[in-house]
Structures are given as structure tokens and as C-alpha cells.
Amino acid sequence: MGKGTSGASSNQTSSAKVALILVGSSFGNVFADDVYNHGDYKFLITSNDGEKRHVTTMLIGLGGIPVIDYWLLTAQQSKRLQPLDDNLYIVANKDNIDEFEAWANDKYKKRLWCNEATKFDREYLNTLQDVAALVKSKGLDKDFTHLCIIDGNCCFSPDFNLTRIIEHSFIRDTDAITTFKMPKPSSIAGKLTNNTDKVVVHVDPNANSNPEVFAIDEAVSPSDAGNIPEDSYLMGNVYYVHANSVSALVEAANDKENVSISARFAAGSMVDFFRKRLKEGHKVYAHECKHVLCLNTLNQFKFADSFFKFYASQVRKAIEDQ
């Protein structure tokens, strides 16, 4: 059994803040190239003159509503994240910061933070490096603050419960990740994730809910995904980093000597971090989620858009039938 991450007084734990970090700094490279070849969807490419072609995934509309608005809607239901005016951070890059500014009202404009990276840079910052730079910039490593990190290249179904994840993680007083069952290759969801790197998570099979994580594998490339058992759990895109793990997160971001193949995709850097925590004997728990929708390709977007439109129509119908 791993050791906990707490090591804090009861007063520290009870008064700890939880910061919500929405990482919207991806350039959506594969998505942008995919869209560029389909005239009907070129509106999703929002590059300005002097910028390389990119798609800001967190701002694309699903059912007419930007992905980021869904995240904020579920975040507003969590008491521990309030007030969002103080506890929300939105990470953008230098190419899409203007797009986030156009989306944001006065309240959320104050919560934007730019990593200063452009698509012309030789090396892009990954999710771990973005979060670590934000933490240092805002001094989140100086006070006792837990981090709830959301990578914006995926979304969950409209009934996703972020509050449950935060509350369970807060009570467990340790690090946590999200997981989902690997879809069958023959299913629509399976076909839509065929070109996505997958990370297998091994959990306690005897736990009823929120099991302890025993191991996290390195990322599996799409060409090797056929070797993954169908009942496997895959790593999701919502992470909870305990306040006592924040300094380790910053340290891991600066450790460029020990980067695995998982980090070849942006969120894979978070895989490296949690694998390192497990190897050091720290506990990590898993929260199973359903209907994880990747947004890395045009087909994935079209499916997610249809899914949210269908969900909205069902809600409207239920209201009308009352």
C-alpha cells in the first residue's frame, strides 16, 4: 500500500483551497490539419495573420456551446471551487490568448494566463510544464492549495460530476486521477479513439468505488492498441494534485532527463508525473467516469457535437412532457 500525501495539520487540510486549472494551450495540430481538408468546417480554424494554423479545442462549440462553458458550468456546482473569481485559472498560448479574451467576460478575463508559447516555437510546452509555470507565476506552491487540472482536449458527458471527484479527493487527502473503461474497438467510441494514444491504469479490483491505483503504464501508440484487453481502464483528462504534491509537480516539470514516451503527447506529461508518484510510494486514487469524448480530430468533434445536441433535445423533450 502506498503512503498518503497529506502530512498536513488538520487545520491546514480543512482550510485548504482548491484551484481549478483549465489547460487550453493546445494548438490542436492534428485537428487543424484534419479540418483544413474539409471546407465545411474551416470555421473551426481561428488562426490570425502571422500565426500557424491551429484550433483552440476548448473554445469550439458542442451543441452550440463552447467546451469551456461546460467545464465552468460543472465547476460552479462545487462549493470548494468558490469563488471561481479567485480559484480559476485558464491557461492559453500566445496564438490563442486573443480568442480567449474575445470569449471571456470581465470576470474571466482576469483569470486568463498565457504561457507565451507560439506554434513557431521549436518545442511546445506540455501540460505538466504549463501547470508548473502557472503555479510558480501565481505562487500556488507557497500556500496550501490543491490543484484540480483539466486538459481541454477532451470532455465528458453533460451529466459529468466534477463535485464528486473533488469531494472524494479532498476527503481521501491524496492525489487522484480519472479513468474510463476502454471502449470496444468495434463500437463508435472505439473507432473514434483508434488514432489516440492510450494509457492503461491498474486499480484495486476489489474496491467498490474510487479504487486505489496500483500502476500506470506508459502510453500505448494507436498501432499497438490492439494488444490492450477490452476490460482495461484508461486514464482520463481530469487530475487532482494534493497540495503536498505541488512542489513535486514543479520538480517533475523541470526534469527533462527522465521523460518517457508517454510525454510525446501533451497530456502524457501528467502520466509521467503520476507514475513517478506511485514509484515513490505515494497513494493515488481513481475516479471512474463515463462517456469520455476526445476532441483531437474532425470525426471526434462531429461525434461529440451530435452527442451534445441529442442530449439537449432529450432534455427539452423531458421538460415539454412534464
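The values are calculated or read from the model by the stated rules, or taken from the named source; none is laboratory data. Quick caveat: nothing in here was measured; it's all calculated off a predicted structure. Please note: Cβ atoms are built from the backbone with ideal geometry, for glycine as well, and neighbour counts cover all protein chains shown. Quick note on the areas: whole protein, heavy atoms, side chains included, nothing else; ligands and nucleic acids left out. Shrake-Rupley method; radii C 1.70, N 1.55, O 1.52, S 1.80 Å.
Cys148: within 23 Å of Ala248 (Cα to Cα) and at pLDDT 85 or above, yes or no? Judged against the criteria, Cys148 is a match.
Here's the yes/no breakdown for (1) polar (S, T, N, Q); (2) in a helix (DSSP H, G or I); (3) modelled with pLDDT of 80 or more:
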site	(1), (2), (3)
Val246	no, yes, yes
Val250	no, yes, yes
Glu257	no, no, no
Ser262	yes, yes, no
Ala266	no, no, no
Lys276	no, yes, yes
Ser313	yes, yes, yes
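Among the residues of the stretch 188-235, those that are within 26 Å of Phe31 (Cβ to Cβ), open to solvent by 40 Å² or more (accessible area, probe 1.4 Å) and at pLDDT below 80 comprise Ile188, Ala189, Lys191, Asn194, Asn195, Pro222, Ser223, Asp224, Gly226. Pairs linking a residue in the stretch 35-60 that is more than 20 Å from Gly152 (Cα to Cα) and free of Cβ contacts under 8 Å to residues at least 40 places away in the same chain to a residue that is assigned to a loop (DSSP other than H, G, I, E, B) and of a type outside the set (A, V, I, L, M, F, W, C), with Cβ atoms under 8 Å and 6 or more positions apart or on different chains, are Tyr36/Arg53. Scanning the stretch 278-322 for residues that are among the basic types (Lys, Arg), under 30 Å from Asp173 (Cβ atoms) and open to solvent by 70 Å² or more (accessible area, probe 1.4 Å) yields Lys279, Lys290.
Listed conditions (1) surrounded by fewer than 22 Cβ atoms within 10 Å (Cβ to Cβ); (2) more than 24 Å from Leu298 (Cβ to Cβ) are all met by Gln129, apart from (1). When the residues of the stretch 86-126 are filtered to those that are acidic (Asp, Glu) and at pLDDT below 90, the one that is least open to solvent (accessible area, probe 1.4 Å) is Asp95.
In the stretch 286-302, of all residues being part of a loop (DSSP other than H, G, I, E, B) and touching a strand residue (DSSP E or B) at 6+ places or on another chain (Cβ under 9 Å), the one that is nearest to Asn208 (Cα to Cα) corresponds to Cys289.
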